[in-house]
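Peer 1: Sharing a structure with you now.
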Amino acid sequence: MKPLPLLGEPDWPQRMDGVTAAQSLTDPDLDATWEGTPRWMTGINWGGETFFNSIGKGVDFFGSNLGGGDYVPVEIRFSTTTTTLCQTFRRDLGYVASGVGTFPGSVWDVTNPGSPRRLNVCFVEDNSIAPADHAWNPNGTGGSPIYGKREYLFIMNSTYDGTGLTYAADNIYSGASSLDVLYGWWPLVESGQTLLGSLPATLHIDPHYVKNLRAIPADGQLTVTWTYFGATPDHFRIYSDAISPATTTLIDVPGTDHSYVHGGLTNGITQYYRVEAMDAGDAVLAGSAELSAAPAIMSNQMELVGFWNDRGTYGDIWGYVDPGTNREYALLCARNDGVSIIDIDADPPVEVGFIPAPYPGSDSKDVKIYDHYAMVVNEGDDVQIVDIADVTNPVQVSTFTPDGGGSHNCLVDGHWLYVVGNHGTGGLEIVDLTNPLAPTEVGNFQPYYYHDLDIRNDTLYACGIYGDGLDVLDVSNKTSPSLITTFNYTGSGIHNCELSEDGKYLFQGDEIGSSGNWTRVWDVSNLASVSKATDIITDPDAVVHNCYIKGDLLFIAHYTEGVHVFDVSDPSSPVQVAYYDTFQPAEYGYSGCWSVYPYLPSGRIIASDMQTGLYVFQMADSDSDGIFDVIDNCVDTPNADQADSDGNGIGDACELCQCPKQGDFDDDGFLTALDLGDMIDALFAGGSDPQDPLCPASRADIDCDGFATALDLGNLIDHLFAGGPGPCDPCAP
């Protein structure tokens with residue numbers, strides 16, 4: 001049986017179930033609008049799609065046998081004179097059918113507005129919260145107002161039977177996958193209002209098959225993107241206006257296009273968009289919901305070079321390089337579905353393979369790589385071990401069952417898989433991956449719930465997110481890990497940690513604590529005396545999530561703030577050097593950028609946004625030396641070690657190629673008799689230092705042998721007066 005719905009910390013599962021891979025691509029987007037004043041209904045955010053995230057497709061709630069083109073537009077018409085008889089279910093009794101109840105109004109399929117079809121409705125009651133009175137009244141009186149008495153409403157696809165008996169033999173939870181549940185709603189009466197407070201009132205639920213409409217902001221422009229999984233239309237029509245609704249045609253683009261750059265805009269001025277798929281006769285095949293966005297400067301020193309958003313809600317991300325082709329891929333958790341394998345060398349990026357979750361709603365949360373195997377962590381089920389040697393045809397070869405069934409995160413180090421956040425005690429489990437077809441648990445450490453981890457040389461750092469601090473473990477003996485020390489601070493909520501490359505500093509993100517949800521830097525060079533080095537605060541109201549180190553750069557996935565990059569060459573004094581905001585709304589909380597992966601050989605950075613999918617970035621590196629411009633002091637020549645022996649701000653390796661031509665002592669750009677005199681003076685009469693003050697090479701070293709001698713003087717004379725070869729090029733390889 002599927003696990004009961006969980007409501008926990010923000011990146012735990014919030015959706016109650018999920019969709020299959022086949023359904024998710026073709027299922028529509030939803031939006032909902034309220035008609036009537038005042039609006040006296042709202043809902044609980046369970047991770048739904050619309051109406052305060054309280055309404056979603058039935059398959060995303062408890063399950064459904066519907067998908068693809070089954071979804072229809074619906075009107076919920078509230079009334080004091082019309083009643084719908086509907087089957088009720090008891091949450092406190094495991095969701096068994098419990099008799100016929102009443103709903104105040106009616107629900108209609110309005111695919112054909114002139115001849116609507118009345119639909120069956122079901123709802124849930126919980127006698128442990130409020131008396132089960134067989135009446136849909138989710139206002140919370142006599143129970144818990146914050147949960148609306150959990151009187152979930154289910155809109156079914158069957159025609160109204162007039163009796164409420166159609167589903168009398170079913171269980172709305174365990175049997176949901178075989179039922180025709182169109183939409184699920186977790187309702188709540190708006191604060192200060194009453195149920196049926198004013199009439200007439202209608203709630204419209206609309207499916208949109210041109211989906212995933214997004215507008216990516218930049219300076220003076222918006223890049224509008226969308227997806228469509230029907231047959232290729234003749235063209236797409238984009239509507240845009242400065243006010244809602246968007247009714248003015250902006251442009252028609254070919255049916256093969258799924259994006260358009262709308263330029264010439266003013267930063268900060270909101271634009272509204274809709275997109276319709278059209279046939280050759282200009283008839284509408286399908287349309288999108290409306291979107292609003294405003295152009296803005298969303299980045300600094302990071303360029304967006306790829307974008308993908310073909311699925312729904314996203315989680316963690318990791319990179320993979322095919323050893324045979326060197327093509328680079330993003331493995332992106334599509335939390336309700338599984339894991340998408342996306343070719344980021346394609347332009348635009350394209351999903352080439354997919355790893356389906358064990359069942360709809362497993363909540364694929366995290367993924368890591370061991371050799372050519374993907375380790376997929378599912379919050380509600382086993383860890384899947386999947387062979388991705390052929391990325392277009394991933395094959396699950398084995399599973400590992402954590403304590404309690406599911407887990408939250410994992411880490412691969414050598415041939416060891418470390419799993420944390422299991423649904424038993426919640427601590428650490430260690431798995432031997434020597435044979436990926438038969439993973440074997442060899443040890444565990446279970447003091448309390450660990451949320452994330454990092455490791456260096458068998459010293460493992462485990463994050464106790466619920467106020468337990470950071471445990472440091474010795475895992476050199478895999479069968480018997482032991483605690484070295486723990487360090488903590490008041491009000492902690494430690495989510496993620498990452499060691500500096502020398503292992504002396506630990507960067508730790510606080511996700512849910514009460515003392516500031518930012519990044520803290522710890523000096524862990526002496527575990528007997530750990531001390532805090534500094535805080536990294538981009539905005540005191542913004543929440544951090546995952547962070548990773550590459551060289552001297554710290555990459556932070558910062559939820560609503562996107563990706564932020566810091567130079568941590570001095571860990572006690574980090575300096576922000578780049579950012580890209582993947583989440584446009586000026587909001588805080590647990591939306592936006594989930595994770596970032598900076599380790600691809602190409603230097604590209606991939607990031608996941610919970611709402612908008614995959615982002616592929618390239619940091620500015622004008623000389624292609626692998627060093628980011630902001631911390632690079634050479635624009636022409638590789639300068640990997642940044643050595644600057646004379647302290648003039650120009651790296652030594654660059655200065656060599658900035659030297660004047662050998663022998664040109666007076667810096668006039670020409671070799672003349674004047675330079676010959678200067679050279680004689682420098683070599684034999686104590687004149688000007690033949691060493692250039694800005695360059696380690698000698699100007700008098702005409703033959704570039706590392707020494708300035710009379711032979712070099714002879715070479716210069718030969719060049720000037722006998723047509724001999726010119727001086728060597730000190731910059732030549």
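The values are calculated or read from the model by the stated rules, or taken from the named source; none is laboratory data. None of these values were measured; they are calculated from a predicted model. Note that each Cβ is placed from the backbone with ideal geometry, even for glycine, and that neighbours are counted across all protein chains shown.
Peer 1: Any idea which residue in segment 582-599 is surrounded by the fewest Cβ atoms within 10 Å (Cβ to Cβ), counting only those that are out of contact with any Ser or Thr (no Cβ under 7 Å at 6 or more places or on another chain) and touching a residue at least 12 places away in the same chain (Cβ under 8 Å)?
Peer 2: Here the residue is P585.
Peer 1: Report yes if I216 is out of contact with any helix residue (DSSP H, G or I) (no Cβ under 8 Å at 6 or more places or on another chain), closer than 19 Å to T84 by Cα and among the β-branched types (V, I, T), otherwise no.
Peer 2: Spelling it out, it is not the case that I216 is out of contact with any helix residue (DSSP H, G or I) (no Cβ under 8 Å at 6 or more places or on another chain), closer than 19 Å to T84 by Cα and among the β-branched types (V, I, T).
Peer 1: Next question. Could you run through segment 48-107 and say how many residues are out of contact with any Gly (no Cβ under 8 Å at 6 or more places or on another chain) and acidic (D, E)?
Peer 2: 3
Peer 1: Another question, then. Taking Y599 as the residue in question, decide whether it is farther than 18 Å from G509 by Cα and either outside the structural domain of A330 (by TED's automatic domain parsing) or part of a loop (DSSP other than H, G, I, E, B) (or both).
Peer 2: yes
Peer 1: A further question follows. Would you say R327 is in the same structural domain as H558 (by TED's automatic domain parsing) and modelled with pLDDT under 95?
Peer 2: no
Peer 1: What number of residues in segment 429-440 are farther than 10 Å from K478 by Cβ and either buried (at least 16 other Cβ atoms within 10 Å of the Cβ) or not assigned by TED's automatic domain parsing to the domain that holds I484 (or both)?
Peer 2: Final tally of qualifying residues: 4.
Peer 1: What's the total number of residues in segment 260-291 that are surrounded by fewer than 17 Cβ atoms within 10 Å (Cβ to Cβ) and under 25 Å from G230 (Cβ atoms)?
Peer 2: Going through segment 260-291 one residue at a time, the tally reaches 7.
Peer 1: Has segment 314-326 got at least one residue that is under 22 Å from V386 (Cα atoms), free of Cβ contacts under 8 Å to residues at least 24 places away in the same chain and either in a loop (DSSP other than H, G, I, E, B) or of a type in the set (D, E) (or both)?
Peer 2: yes
Peer 1: Do we find that T232 is exposed (fewer than 15 other Cβ atoms within 10 Å of the Cβ) and assigned by TED's automatic domain parsing to the domain that holds V100 in this structure?
Peer 2: no
Peer 1: When you scan segment 129-137, do you find a residue that is touching a strand residue (DSSP E or B) at 6+ places or on another chain (Cβ under 8 Å), surrounded by 15 or more Cβ atoms within 10 Å (Cβ to Cβ) and of a type in the set (D, E, K, R), even just one?
Peer 2: No - not one qualifying residue is present in segment 129-137.
Peer 1: Which residues, counting only those in segment 195-205, are crowded, with 19+ Cβ neighbours inside 10 Å and either under 14 Å from L291 (Cβ atoms) or of a type in the set (G, A, S) (or both)?
Peer 2: A201 - this is the single residue of segment 195-205 that is crowded, with 19+ Cβ neighbours inside 10 Å and either under 14 Å from L291 (Cβ atoms) or of a type in the set (G, A, S) (or both).
Peer 1: Within the group A286, A357, which residue is under 30 Å from Q221 (Cα atoms) and aliphatic (A, V, I, L, M)?
Peer 2: On inspection, the qualifying residue turns out to be A286.
Peer 1: Another one. Select, from N517, N477, N488, the only residue that is in contact with a Leu (Cβ under 8 Å, 6 or more places away or on another chain) and either among the β-branched types (V, I, T) or more than 17 Å from P571 (Cβ to Cβ) (or both).
Peer 2: Every option except N488 fails the conditions.
Peer 1: Which residue, of S407, S492, is buried (at least 19 other Cβ atoms within 10 Å of the Cβ), in contact (Cβ under 8 Å) with a residue 24 or more places away in the chain, closer than 21 Å to T519 by Cβ and out of contact with any Pro (no Cβ under 7 Å at 6 or more places or on another chain)?
Peer 2: Going through S407, S492 in turn, just one is buried (at least 19 other Cβ atoms within 10 Å of the Cβ), in contact (Cβ under 8 Å) with a residue 24 or more places away in the chain, closer than 21 Å to T519 by Cβ and out of contact with any Pro (no Cβ under 7 Å at 6 or more places or on another chain): S492.
Peer 1: Okay, next question. Within segment 331-340, identify whether any single residue is part of a strand (DSSP E or B) and surrounded by fewer than 23 Cβ atoms within 10 Å (Cβ to Cβ), and answer yes or no.
Peer 2: no
Peer 1: Now for a different question. If you take the residues of segment 34-70 that are of a type in the set (S, T, Y) and farther than 17 Å from K211 by Cβ, which of them is farthest from the chain's Cα centre (by Cα)?
Peer 2: So, considering only residues that are of a type in the set (S, T, Y) and farther than 17 Å from K211 by Cβ, the one farthest from the chain's Cα centre (by Cα) is T37.
Quick grid of which residues meet (1) in contact (Cβ under 8 Å) with a residue 40 or more places away in the chain; (2) within 30 Å of M302 (Cα to Cα); (3) among the polar types (S, T, N, Q); (4) outside the structural domain of N65 (by TED's automatic domain parsing):
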{"residue": "E151", "(1), (2), (3), (4)": "no, no, no, no"}
{"residue": "F154", "(1), (2), (3), (4)": "yes, no, no, no"}
{"residue": "T166", "(1), (2), (3), (4)": "yes, no, yes, no"}
{"residue": "A176", "(1), (2), (3), (4)": "yes, no, no, no"}
{"residue": "L179", "(1), (2), (3), (4)": "yes, no, no, no"}
{"residue": "L222", "(1), (2), (3), (4)": "yes, yes, no, yes"}
{"residue": "F236", "(1), (2), (3), (4)": "yes, no, no, yes"}
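Peer 1: Additional query: Could you grab me the full set of residues in segment 459-482 that are acidic (D, E) and under 29 Å from the mean Cα position of the chain (by Cα)?
Peer 2: D468, D471
Peer 1: A follow-up question, please. In segment 17-124, which strands (runs of 3 or more DSSP E) lie fully inside it and hold 1 or more residues that are touching a Leu at 6+ places or on another chain (Cβ under 9 Å), among the small types (G, A, S) and closer than 29 Å to T163 by Cβ?
Peer 2: Of the strands (runs of 3 or more DSSP E) lying wholly inside segment 17-124, those with at least 1 residues that are touching a Leu at 6+ places or on another chain (Cβ under 9 Å), among the small types (G, A, S) and closer than 29 Å to T163 by Cβ span 29-35, 41-43, 55-57, 96-103, 105-109.
Peer 1: To continue, here is another question. I'd like to check something: does segment 166-180 contain any residue that is assigned to a strand (DSSP E or B), in contact with a strand residue (DSSP E or B) (Cβ under 7 Å, 6 or more places away or on another chain) and over 22 Å from G99 (Cβ atoms)?
Peer 2: No, segment 166-180 contains no residue that is assigned to a strand (DSSP E or B), in contact with a strand residue (DSSP E or B) (Cβ under 7 Å, 6 or more places away or on another chain) and over 22 Å from G99 (Cβ atoms).
Peer 1: Pairs, please: C-beta under 8 Å, at least 6 apart or cross-chain, first residue more than 15 Å from F400 (Cβ to Cβ) and in segment 369-382, second part of a strand (DSSP E or B)?
Peer 2: Once the first residue is more than 15 Å from F400 (Cβ to Cβ) and sits in segment 369-382, its partners that are part of a strand (DSSP E or B) give I369/W318; I369/G319; I369/Y320; I369/L331; I369/M375; I369/V412; H372/D387.
Peer 1: A follow-up question, please. Among the residues in segment 613-625, are any assigned to a loop (DSSP other than H, G, I, E, B), in contact (Cβ under 8 Å) with a residue 24 or more places away in the chain and touching a Leu at 6+ places or on another chain (Cβ under 6 Å)?
Peer 2: The answer is no; no qualifying residue exists.
Peer 1: A follow-up question, please. Could you tell me whether segment 470-483 includes any residue that is within 22 Å of H558 (Cβ to Cβ) and out of contact with any helix residue (DSSP H, G or I) (no Cβ under 7 Å at 6 or more places or on another chain)?
Peer 2: yes
Peer 1: Could you grab me the full set of residues in segment 575-602 that are in contact with an Asp or Glu (Cβ under 7 Å, 6 or more places away or on another chain) and not hydroxyl-bearing (S, T, Y)?
Peer 2: Scanning segment 575-602 gives V575, V577, D581, F583, G592, C593, W594, L600.
Peer 1: Just to be sure, is Q508 in a strand (DSSP E or B) and at pLDDT below 95?
Peer 2: no
Peer 1: Tell me yes or no: at least one residue of segment 200-215 is over 26 Å from G69 (Cβ atoms) and free of Cβ contacts under 8 Å to residues at least 40 places away in the same chain.
Peer 2: no
Peer 1: Does at least one position in segment 210-217 carry a residue that is modelled with pLDDT of 95 or more and at negative phi?
Peer 2: Yes, there is a match, as at least one residue in segment 210-217 is modelled with pLDDT of 95 or more and at negative phi.
Peer 1: Among the candidates Y548, Y599, Y588, single out the residue that is in contact with a Pro (Cβ under 9 Å, 6 or more places away or on another chain) and over 16 Å from Y314 (Cβ atoms).
Peer 2: Step by step, each of Y548, Y599, Y588 is checked, and only Y548 is in contact with a Pro (Cβ under 9 Å, 6 or more places away or on another chain) and over 16 Å from Y314 (Cβ atoms).
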